[in-house]
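Readers should treat all values here as calculations from the given coordinates under stated rules, not as data from a laboratory. As the structure is a prediction and not an experimental result, all values here were calculated from the model. Counting neighbours? That spans all protein chains shown, and the Cβs are built from the backbone with ideal geometry, glycine included.
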């Protein structure tokens, strides 16, 4: 009798031990997001923070109910196709293509089935990423902060800050061909309307930035217009130091460069863009399809002026421009 009861007790214990394991086995695996970025973790930190906030807004928290695999190209665009292919092979639930057209195009080439959410400052229809903004039509959607008036407005703000400007050097990244082509086309039109002369200089690496500055200062421009590009955000200290060395008033697209001493920036509020990317990624994880999610167009732009840098360059910023600015850094 004792043995029988003991056997039943062991059986009951065994059953109790098995049930939790079975329950755990039935729980769905945590979905994995592939995050593909043209820059480095340091230079993508602000974008990533905003992206995680958007994910959180849609009910997803990293390491709690979603995992993220990161692939950073470190400014080397030729690495993007291989990194995108790795994420596609890993069969992630969704790929986030961050930093510009090269990342989005690499993700598109890597998969026709895995949803892709992009953030780009270009026209996604012209790039062939989607059929239309309202009906993307494939496995890609995202946020576009493409605005044809952006270059013209930024050039206008630079002219307002430095009224004597007649000749402007433009620094562009030839490795980011689609971006460069659009910027040069838009700035050409804007310069004509403002009666400004422009001259383009190419730089894709730290060494090329140094060489470009040596070349452009020989042309004695009145100001410098730096194209919006992840490589320039990652080299922001170098750019700010060179502009200071040559006492050159410079305009940038990203506020991060003004925060470390750049004179002024006018461009998209990227915090808002990447929060929206996070929200869209969360909606896809909940079952939404990219073809049902229209491409969002960013409408938040910000003018940032570094008053301390203006004083060092002996520039008296007009009070009307300071009043227009979203932020003045003292």
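Using C-alpha positions alone, give me the convex hull volume of region 152-204 per residue in cubic angstrom. So the per-residue hull volume is 68 Å³.
With a simple spin-label model that places each label point 7 Å from the Cα along the Cα-to-Cβ direction, the separation between residue 199 and residue 64 comes to 5.6 nm. Evaluated at q = 0.18 Å⁻¹, the base-10 log of the normalised Debye intensity for region 187-327, with identical point scatterers placed on the Cα atoms, takes the values -1.09. Counted residue by residue at 0.36 nm each, then reduced by the alpha carbon distance between them, the extension gain from residue 220 to residue 288 reaches 19.1 nm. The separation of region 304-330 from region 125-182, counted between C-alpha centres, amounts to 24 Å. Taking the helices alone, the chain has a mean residue ellipticity at 222 nm of -14000 deg cm²/dmol, built from -39,500 (n - 2.57) per DSSP H run of at least 4 residues and averaged over all its residues.
Ranking of 188, 37, 314, 292 by neighbouring Cβ atoms within 10 Å, starting from the fewest: 314, 292, 188, 37. Ranking of 180, 324 by neighbouring Cβ atoms within 10 Å, starting from the fewest: 324, 180. The Cα atoms of region 189-237 cover 32, 24, 16 Å along the three principal axes, with the biggest extent listed first.
The C-alpha atoms of the chain define a longest principal axis, and helix 150-161 lies at about 50 degrees to it. Counted over all Cα-Cα pairs of region 47-91, pairs farther apart than 17 Å make up 48 percent.
In terms of packing, defined here as the mean over residues of other Cβ atoms within 10 angstrom, the peptides 294-302, 258-266 line up highest first as 258-266, 294-302.
Extension gain for the segment residue 312 to residue 57, taken as residue separation times 0.36 nm less the Cα-Cα distance, is 87.6 nm to one decimal. Taking Cα atoms only, the orientation of helix 80-89 departs from the longest principal axis of the chain by about 20 degrees. Computed across region 117-242, the Kirkwood hydrodynamic radius from all distinct Cα-Cα pairs reaches 15.8 Å. Here the alpha carbons of region 95-178 define both size measures, Rg and Dmax, at 16.3, 54 Å.
Calculation over all alpha carbon pairs of region 244-330 in 10 angstrom steps from 0 returns a P(r) of 16, 37, 20, 16, 9, 2 percent.
Report, to the nearest 10°, how far helix 177-194 tilts away from the longest principal axis of the Cα atoms in the chain, using its own Cα long axis and a range of 0 to 90°. That works out to roughly 40 degrees.
Quote the FRET efficiency, to the nearest 0.05, computed for residue 167 versus residue 327 with a Förster distance R0 of 22 Å and r equal to the Cβ-Cβ distance. That gives a FRET efficiency of 0.15. So if we plug the beta-carbon distance of residue 210 and residue 76 into 1/(1 + (r/R0)^6) with R0 = 25 Å, what FRET efficiency do we get, rounded to 0.05? About 0.85, to the nearest 0.05. Per-residue extension of 0.36 nm, minus the Cα-Cα distance of residue 134 and residue 260, leaves a gain of 41.5 nm for this segment.
Please report the equivalent ellipsoid semi-axes of the chain, computed as sqrt(5 x eigenvalue) of the Cα gyration tensor, largest first, in whole Å.
49, 20, 18
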